[in-house]
Amino acid sequence: MTGGIGRPTVAVWKFASCDGCQLSLLSAEDELLTIAGEIEIAYFLEATREVKEGPYDISLVEGSITTPDDAERIRQVRDISTTLITIGACATAGGIQALRNFGDVEAFRSLVYARPEYVDTLADSTAIAEHVPVDLELRGCPIETSQLVEVINAILAGRKPVTPTHSVCVECKLRGNLCVAVAHGTPCLGPVTQAGCNARCPAFDRGCYGCFGPAESPNTPSLAAWLEEELALEHPDLVRLFRSFNADAPAFRRESRRHEPEEVAT
Amino acid sequence: MGAPAAQPKTRPVVLSEDGLARLLARLHHEGYEVIGPTVRDHAIVHGPLSEVDDLPRGWGDEQTPGHYRLVQREDDAYFGFAVGPSSAKRTLFPPRQPLWTAESRDDANFAIIEAERPERRLAFFGLRPCEVAAIAVQDRVLLHGIVEDEVYAANRADVLLVAVECGAPAATCFCRSMSTGPGMESGADLILTELLDGDHRFLVRAGTTTGEDLLEQLEHDEATEEDLDARKEVLASAAARLERRLDTTDIHGLLMGNLDHPRWDAIAERCLACANCTLVCPTCFCTTVEDRTDLAGTEATRERRWDSCFSLEFTHTGPASVRNSTRARYRQWLTHKLATWIDQFDTSGCVGCGRCITWCPVGIDLTEEVDMIRRTSEDNVAPWPMVPSPLQEG
Ligand code: SF4
Ligand code: SF4
Ligand code: SF4
Ligand code: SF4
């Protein structure tokens, strides 16, 4: 080992999320034992009850901020972490639960819970980077295990990780997928979505759902206009297309807002 | 490859449908790995051809900007379609190419191990004229440029080209403007024309002595005047269908003299910077390298992969990207492809295949964009001077 940071201590934190991204680390079956040898898992409740006190060299943060308590807790995590990496759509863009940002949380709360006054929640679900400085964001819903392993590899070697920010289309063409948008007329978010999944959905004849959020220069208005004019996608479908796992990522948020009907029925 | 091939002397011959099958079998017999058009996922792409049944017999295509559909033809033509999304580039200049691995031997030493290059005899079967022209452009850039590209050179050695002239160009094709199709006289080992009038047959001309030798081993008939006329018919009707044009008159001056034309802004409003156009283009050659290490820190590998002037990272130097805007990136692509490529390589970077038009997810059409710039160009702009090519200076 040269150039890296020795055997770093790693903590894995959970905020509002489904745990899928943390589990991606555990599902790195081939590499898991080697990873466990190269890093010291100091705090990872999903994997072990053993807890080592901070500070930590690396914190992997999953989930979005949805409560006042969590808004405070993420500051503490930042304080005791040298490098803070957010993992997944919840942590990087607010996640699917950011759909609440487009609705009325008070209304949900009084409808869903028997004693709404017990539920202390914020009006919006927000990305970690809106609360504290973040060193690296790993996109995806869930993240791609190989990208997480790559980042750990890169940190250990003291090099830049290979996590391109170009479109999913590049991955399609690299692996030789047929373009489902052009050849089948399937609406696809790939041209405005960041790579990382190795174009998984187009490889199975599906359009890209945008799991990895907006790519480096996302021209969503142009894509939306094409989907509407050439592929006859209707307004509600356009809203739904841009409003899923990365609904609150700025480029997708603006685009779905643009296609909202004048009066929103809730 | 290498020394210019001796000019063949044989006269055109005619192969029957069975003859086509025997030609393919002959290539296999001689140890060629044969790659050609085949139907996959509702499109005609390049794939391994083991027998003539693998060809897209009876299939055609419908192509417009941003749109491709496989369509059933009314006849059983083997080659009744235009180019699909794949090209010879995928094989000769592959999307991912491992270059070397460094292995640590002990604390202070490491060994560099070059990636293996497979030895193989490759034959392309059924390339269209513009595809053969694209290989010639890549040869110019990657073999006869300032440095020879080792990967390309290794893949390109001993490659046999069997071309088929175009009888069914797509609405996105503009090879006539680039003088690369729909017919061809040279550049391939064998040049076929599929004749569908009367008996289904193939007019075959040898373009090299290798092609000539191949033909001699196959049962064939001498071509008659009718066969030669039938070929002319095929090409004339193909030419008549080729409506899309790119006016290349002083195109270098036109584009380089209009670097601040407002049209670039209009294109940037539509362009997604998704890079599809460059990746399907049979001549674009830009790459990046990706370095990876293993967890134990004992091995590092360097891989080359296709990149594109449309990606932000491509011009990332120091703190930021030089071509930060989509406008700058599209303009780079078009001016390089059609103008500065001539400075660099004495050839246009475009062969008129139309792939970038069909496979652009929002149907941006370079012929239309050049036309718009031409029609609204300020007449008295001072064009950028042609830069003498390093190849010419020799
Ligand atoms: S299928 Fe989607 S992601 Fe793939 S090239 Fe086409 S538009 Fe891009
Ligand atoms: S620029 Fe477009 S038309 Fe020209 S060779 Fe490339 S893909 Fe074909
Ligand atoms: S047009 Fe762009 S991707 Fe193609 S060769 Fe030129 S710079 Fe490279
Ligand atoms: S011209 Fe079309 S294919 Fe090329 S980057 Fe722009 S949107 Fe993508």
Practice task
Examine region B:2-18 for a residue that is away from chain A (no Cβ under 13 Å), more than 24 Å from B:T209 (Cα to Cα) and surrounded by 15 or more Cβ atoms within 10 Å (Cβ to Cβ), and state whether such a residue exists.
Solution key: no
Exercise for the section: Considering only residues that are more than 27 Å from A:N219 (Cα to Cα) and more than 7 Å from chain A (Cβ to nearest Cβ), look in region B:295-315 and name the one that is nearest to the chain's Cα centre (by Cα). Expected result: B:R304
Exercise for the section: Would you kindly identify the helices (runs of 4 or more DSSP H) lying entirely within region A:154-214 that contain at least 1 residues that are free of Cβ contacts under 8 Å to residues at least 40 places away in the same chain and within 19 Å of the chain's Cα centre (by Cα)? Expected result: A:168-175, A:200-203
Handout entry: Scan of region A:179-194 for residues that are hydrophobic (A, V, I, L, M, F, W, C), closer than 18 Å to B:T326 by Cβ and more than 7 Å from every other protein chain (Cβ to nearest Cβ), ordered by number
Key = A:L189
Practice task
Of all residues in region A:220-239, count the ones that are more than 14 Å from every other protein chain (Cβ to nearest Cβ) and within 15 Å of A:T186 (Cα to Cα).
Solution key: 3
Fill in the blank from the handout: Subset of region B:283-339, residues β-branched (V, I, T) and within 13 Å of ligand 4 (Cβ to nearest atom), comes to B:T326
Completion exercise
Condition set of a type in the set (A, V, I, L, M) and within 16 Å of ligand 2 (Cβ to nearest atom), scope region B:317-349, selection nearest to B:C271 (Cα to Cα): answer is B:L334
Problem - Subset tally (residues that are within 16 Å of ligand 3 (Cβ to nearest atom) and modelled with pLDDT under 95) for region B:307-320 - result: 6
Practice task
Search region B:329-364 for residues being away from every other protein chain (no Cβ under 14 Å) and assigned to a loop (DSSP other than H, G, I, E, B), and hand back the single one that is farthest from ligand 1 (Cβ to nearest atom).
Solution key: B:D346
Handout entry: strands (runs of 3 or more DSSP E) fully within region B:106-196 counting 3 or more residues that are surrounded by 22 or more Cβ atoms within 10 Å (Cβ to Cβ)
Key = B:121-127, B:159-164, B:190-195
Practice task
Hey, could you check region B:272-287 for residues that are more than 14 Å from ligand 2 (Cβ to nearest atom) and either more than 7 Å from every other protein chain (Cβ to nearest Cβ) or at positive phi (or both) and say which is surrounded by the most Cβ atoms within 10 Å (Cβ to Cβ)?
Solution key: B:A273
Exercise for the section: State yes or no: is A:E106 more than 14 Å from chain B (Cβ to nearest Cβ) and either at pLDDT 95 or above or touching a strand residue (DSSP E or B) at 6+ places or on another chain (Cβ under 9 Å) (or both)? Expected result: no
Exercise for the section: Scan region B:215-230 residue by residue and report those that are in a helix (DSSP H, G or I) and either at pLDDT 95 or above or surrounded by 12 or more Cβ atoms within 10 Å (Cβ to Cβ) (or both). Expected result: B:L215, B:E225, B:E226, B:D227, B:L228, B:D229, B:A230
Exercise for the section: Working carefully through the options B:L92, B:L23, find the one that is under 24 Å from the mean Cα position of the chain (by Cα), of a type in the set (A, V, I, L, M) and more than 29 Å from B:L279 (Cβ to Cβ). Expected result: B:L23
Handout entry: Top-ranked residue of region A:186-205 - restricted to ones that are surrounded by 24 or more Cβ atoms within 10 Å (Cβ to Cβ) and of a type in the set (V, I, T), ranked as nearest to ligand 4 (Cβ to nearest atom)
Key = A:V192
Exercise for the section: May I ask you to say which residue of B:R304, B:R323, B:R292, B:R329 is of a type outside the set (A, V, I, L, M) and more than 16 Å from ligand 3 (Cβ to nearest atom)? Expected result: B:R292
Handout entry: region B:271-287 residues that are assigned to a helix (DSSP H, G or I), paired with ones that are near ligand 3 (Cβ under 9 Å from one of its atoms) and of a type in the set (S, T, Y) (beta carbon under 8 Å, 6 or more apart)
Key = B:T278/B:S308; B:L279/B:S308
Problem - Test: residue in region B:231-253 that is in a helix (DSSP H, G or I), under 22 Å from B:A134 (Cα atoms), of a type outside the set (S, T, Y) and within 15 Å of ligand 2 (Cβ to nearest atom) - result: yes
Handout entry: Of the criteria (1) more than 25 Å from the chain's Cα centre (by Cα); (2) at the interface with chain A (Cβ under 9 Å from one of its Cβ atoms), which one B:W264 fails
Key = (2)
Handout entry: Scope region A:137-178; condition under 24 Å from A:Y56 (Cα atoms), surrounded by 23 or more Cβ atoms within 10 Å (Cβ to Cβ), facing chain B (nearest Cβ under 9 Å) and of a type in the set (V, I, T); matching residues
Key = A:I152
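The values are calculated or read from the model by the stated rules, or taken from the named source; none is laboratory data. These numbers come from a predicted model, not from an experiment. Ideal geometry is used to build each Cβ from the backbone, glycine not excepted, and the neighbour counts take in all protein chains shown.
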